[in-house]
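Here the structure is laid out as structure tokens; the discussion comes afterwards.
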Amino acid sequence: MDQGWEGKFGNEYTKRNKDAPDRSRFWDLVLKTYRPKTVLEVGCNVGFNVGAIAHLEKDIRVWGVDINEQALRVMHQKHPMVSGGWATIFDMPFKDRAFDLVFTVGLLIHIKPKDLPDAIRETWRVTGETLLVAEYYSEDFQEIPYRGMDKFLFKGPYGRAVTEVTGAKVDATGYLSKEDGFDRVTWWSFKK
């Protein structure tokens, strides 16, 4: 049986994280700053972020993709105004530059550093205007023990990694704490 994000391990994660923290303050700032008409979250799980965005701005087309089908079912039940479905960060079923704003929150941390360039390239491909990544920061990549799984969680220089792969410069950066509804992550945005 699959123990990764698509299977039992991912289902257990979804059950543990079913209650949405209030992230609306951050997403309201992002929406006012970048004014996207279309938004995609890669690795949306049950829709904490895309749900907040859809509730804040009714005129934005909001999509979420994930590899865990149970999480996607919960997302569709809680946030029926959000479109989306199954996709991997390495191969998304969208045209180049399909979304004004594309983002990840706590997704790149689960990609092995050797595979990160491919994930960033695919995410950048579907980005029309702005890419935002919010991940655990460290000067260098380091594996962090995670619920008994090997190579499942990494802290790292994700802003630098995006710059190295895409050539884009950081447009803005910041830190999000538990008071913001996040788990102590650093975020970077990049303009295309």
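Summed over the stretch 50-74, the residues that are without any contact (Cβ under 8 Å) to a residue 60 or more places away in the chain and more than 18 Å from Gly181 (Cα to Cα) give a count of 12. In the stretch 98-106 there is no residue matching the filter, namely being in a helix (DSSP H, G or I) and of a type in the set (Ser, Thr, Tyr).
Select, from Asp100, Asp91, the only residue that is surrounded by fewer than 18 Cβ atoms within 10 Å (Cβ to Cβ) and of a type in the set (D, E, K, R).
Criteria check complete, one pass: Asp91.
Every listed requirement among (1) more than 14 Å from Val42 (Cβ to Cβ); (2) touching a residue at least 60 places away in the same chain (Cβ under 8 Å); (3) assigned to a helix (DSSP H, G or I); (4) not polar (S, T, N, Q) is met by Asp183 save one, (3). Taking the stretch 165-182 only, how many residues are of a type in the set (Asp, Glu) and surrounded by 14 or more Cβ atoms within 10 Å (Cβ to Cβ)? Total satisfying the criteria: 2. Of everything listed in (1) under 21 Å from Leu29 (Cβ atoms); (2) surrounded by fewer than 19 Cβ atoms within 10 Å (Cβ to Cβ); (3) touching a strand residue (DSSP E or B) at 6+ places or on another chain (Cβ under 9 Å), the single unmet condition for Val162 is (2).
Summed over the stretch 1-23, the residues that are surrounded by fewer than 15 Cβ atoms within 10 Å (Cβ to Cβ) and either under 19 Å from Trp63 (Cβ atoms) or modelled with pLDDT under 65 (or both) give a count of 7.
The values are calculated or read from the model by the stated rules, or taken from the named source; none is laboratory data. Fair warning: this is a prediction, and the values are worked out from it, not measured in the lab. Heads up, the Cβs are rebuilt from the backbone with ideal geometry, glycines too, and the neighbour counts pull from every protein chain shown.
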